[in-house]
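The values are calculated or read from the model by the stated rules, or taken from the named source; none is laboratory data. Predicted, not measured: the structure shown is a model, and the values here were computed from it. All Cβ positions, even for glycine, are placed from backbone atoms using ideal geometry, and neighbour counts span all protein chains on display.
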Amino acid sequence: ETGVTQSPTHLIKTRGQQVTLRCSSQSGHNTVSWYQQALGQGPQFIFQYYREEENGRGNFPPRFSGLQFPNYSSELNVNALELDDSALYLCASSPGQGWTGELFFGEGSRLTVL
Amino acid sequence: RKEVEQDPGPFNVPEGATVAFNCTYSNSASQSFFWYRQDCRKEPKLLMSVYSSGNEDGRFTAQLNRASQYISLLIRDSKLSDSATYLCVVNDRGFKTIFGAGTRLFVKA
């Protein structure tokens, strides 16, 4: 158990809707990264948050946005859902900005867009 | 060119076999390197870090060649429980960790 928790574990949405996914980081970790993993692919980096600010972003459109709260928990918001957004969304926490070691993942939120 | 490229697999091997996975990365400034293991429909978990001097953990050996930007993982005496997807992972100066697409391994009795 990593101590990283994500919710919800599964959800189904329709095209055009909006979704919010939540992540609680491991105790003592102030950095959260979000990844999208499509079926048969590796996790793709969406963005990272450090002390409530976005600290790096992958190649995802602006309809993917996030927040980090003072307790270091985080949300991923996706607007105007598309079929290709169907994936496992993984949250990973780490001890700080510039961390080059192991990432600690939650179990993920599996999103299906119909 | 992808930032991290791996053998796509799948690799189908009998129990007891030795199997090797390869990976290349594009950013010569990458700082740290890992192999993660991912079981079906689960989150990735760290298998081992990879160092330039090479490192071993039981039946698993990892190698890094910075000049060639190449990482490898060798699994000896494969077990049924080794069946999983193996992800090659590179950390890009701390703010972004990049995963390869993964190599699927099936170990059969």
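Given the condition assigned to a strand (DSSP E or B), within 14 Å of chain B (Cβ to nearest Cβ), modelled with pLDDT of 95 or more and farther than 16 Å from residue B:89 by Cβ, answer yes or no: does some residue in the stretch A:66-87 qualify? Before you say what the answer is, go through the steps one by one.
Of the residues in the stretch A:66-87, the ones assigned to a strand (DSSP E or B) are A:66-68, A:74-78, A:87.
Filter once more, keeping what is within 14 Å of chain B (Cβ to nearest Cβ): A:87.
Going one step further and asking which of them are modelled with pLDDT of 95 or more, we end up with A:87.
Among the residues that remain, those that are also farther than 16 Å from residue B:89 by Cβ are: A:87.
Scanning the stretch A:66-87 turns up at least one residue that is assigned to a strand (DSSP E or B), within 14 Å of chain B (Cβ to nearest Cβ), modelled with pLDDT of 95 or more and farther than 16 Å from residue B:89 by Cβ.
Hey, residue A:92 hits all of (1) under 17 Å from residue A:5 (Cα atoms); (2) assigned to a loop (DSSP other than H, G, I, E, B) but one; which does it fall short on?
Exception for residue A:92: condition (2).
In the stretch A:42-61, is there at least one residue being farther than 24 Å from residue A:102 by Cβ, away from chain B (no Cβ under 13 Å) and without any contact (Cβ under 8 Å) to a residue 40 or more places away in the chain?
Yes, the conditions are met somewhere in the stretch A:42-61.
Yes or no: the stretch A:64-87 includes at least one residue that is under 10 Å from the mean Cα position of the chain (by Cα) and within 21 Å of residue B:4 (Cα to Cα).
Checked against the condition, which is being under 10 Å from the mean Cα position of the chain (by Cα) and within 21 Å of residue B:4 (Cα to Cα), the stretch A:64-87 yields no hits at all.
Return the only residue of B:73, B:87, B:80 being within 20 Å of residue A:105 (Cβ to Cβ), away from chain A (no Cβ under 14 Å) and modelled with pLDDT of 95 or more.
Values: B:87 fails: away from chain A (no Cβ under 14 Å); B:80 fails: within 20 Å of residue A:105 (Cβ to Cβ).
Of the residues listed, the single one that is within 20 Å of residue A:105 (Cβ to Cβ), away from chain A (no Cβ under 14 Å) and modelled with pLDDT of 95 or more is B:73.
I need the full set of residues from the stretch A:99-114 which are facing chain B (nearest Cβ under 9 Å) and not in a loop (DSSP other than H, G, I, E, B), in order please. Steps first, please.
Initial filter on the stretch A:99-114 (facing chain B (nearest Cβ under 9 Å)): A:99-108, A:110.
Answer for the stretch A:99-114, where residues must be facing chain B (nearest Cβ under 9 Å) and not in a loop (DSSP other than H, G, I, E, B): A:104, A:105, A:110.
Going residue by residue through the stretch B:51-61, is there one that turns out to be buried (at least 21 other Cβ atoms within 10 Å of the Cβ) and within 19 Å of residue B:6 (Cα to Cα)? I'd like the intermediate steps shown before the answer.
Filtering the stretch B:51-61 for residues buried (at least 21 other Cβ atoms within 10 Å of the Cβ) gives none.
Checked the stretch B:51-61: no residue is buried (at least 21 other Cβ atoms within 10 Å of the Cβ) and within 19 Å of residue B:6 (Cα to Cα).
Inspect all residues belonging to the stretch B:11-27 and state whether any of them is free of Cβ contacts under 8 Å to residues at least 12 places away in the same chain and more than 22 Å from residue B:91 (Cβ to Cβ). Outline the logic, then answer.
Initial filter on the stretch B:11-27 (free of Cβ contacts under 8 Å to residues at least 12 places away in the same chain): none.
No.
Among the candidates A:40, A:108, single out the residue that is more than 14 Å from the chain's Cα centre (by Cα), under 25 Å from residue B:40 (Cα atoms) and not hydrophobic (A, V, I, L, M, F, W, C). Please lay out each step first, then the result.
Details: A:108 fails: more than 14 Å from the chain's Cα centre (by Cα).
Being more than 14 Å from the chain's Cα centre (by Cα), under 25 Å from residue B:40 (Cα atoms) and not hydrophobic (A, V, I, L, M, F, W, C) holds for just one of A:40, A:108, which is A:40.
Please specify each residue of the stretch B:49-68 satisfying the condition of being modelled with pLDDT of 95 or more and on the phi > 0 side of the Ramachandran plot.
Listed by number, the list holds a single entry, B:58.
Can you spot a residue in the stretch B:14-23 that is within 30 Å of residue A:54 (Cα to Cα) and within 14 Å of another protein chain (Cβ to nearest Cβ)? Give the derivation first.
First, the residues of the stretch B:14-23 that are within 30 Å of residue A:54 (Cα to Cα): B:23.
Applying the additional criterion that residues be within 14 Å of another protein chain (Cβ to nearest Cβ) yields B:23.
Scanning the stretch B:14-23 turns up at least one residue that is within 30 Å of residue A:54 (Cα to Cα) and within 14 Å of another protein chain (Cβ to nearest Cβ).
Can you say whether residue A:102 is at positive phi and either free of Cβ contacts under 8 Å to residues at least 24 places away in the same chain or crowded, with 19+ Cβ neighbours inside 10 Å (or both), as far as the supplied structure shows?
no
Please go through the stretch B:27-61 and pick out each residue that is hydrophobic (A, V, I, L, M, F, W, C) and within 9 Å of another protein chain (Cβ to nearest Cβ). Break it down into steps so the answer makes sense when it comes.
Of the stretch B:27-61, the ones hydrophobic (A, V, I, L, M, F, W, C) are B:29, B:33-35, B:40, B:46-48, B:50, B:60.
B:34, B:46, listed by residue number.
Run residue A:38 past the list (1) within 11 Å of another protein chain (Cβ to nearest Cβ); (2) crowded, with 20+ Cβ neighbours inside 10 Å and report the number of the one that doesn't hold.
It is condition (2) that residue A:38 fails.
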